[in-house]
């Protein structure tokens, strides 16, 4: 579990989810974040947050109560081939 030490950072995270921060990544400028949370009522939620505009959007939500076909809501990406 990750705890924010900076009050502004904590306030941003609380706007996104009241779950525990599981992972955080950002672009090189630190303006766009992807934050993933663990939560008993909203498992596997990940959000894109734009620090410049203050806007956010849900990228992904995994829910064990919904069928597996609905667990992955991220845009599909192409993985490079794996060679031995």
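The values are calculated or read from the model by the stated rules, or taken from the named source; none is laboratory data. Predicted model, so just to flag it, every value in this text is computed and none were measured. Cβ coordinates were reconstructed from backbone atoms using ideal geometry, including for glycine residues, and neighbour counts include every protein chain displayed.
The table that follows gives values for the structure above.
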| quantity | calculated |
| --- | --- |
| Candidate set from the stretch 48-61 (those that are more than 17 Å from residue 8 (Cβ to Cβ) and either surrounded by fewer than 17 Cβ atoms within 10 Å (Cβ to Cβ) or at pLDDT 90 or above (or both)); member that is farthest from the chain's Cα centre (by Cα) | 57 |
| Selection within the stretch 2-17 - touching a strand residue (DSSP E or B) at 6+ places or on another chain (Cβ under 9 Å), assigned to a loop (DSSP other than H, G, I, E, B) and farther than 16 Å from residue 60 by Cα | 3, 4 |
| Filtered residue count, the stretch 21-43, keeping only those that are outside any loop (DSSP other than H, G, I, E, B), loosely packed, with under 15 Cβ neighbours inside 10 Å and either under 10 Å from the mean Cα position of the chain (by Cα) or modelled with pLDDT under 85 (or both) | 2 |
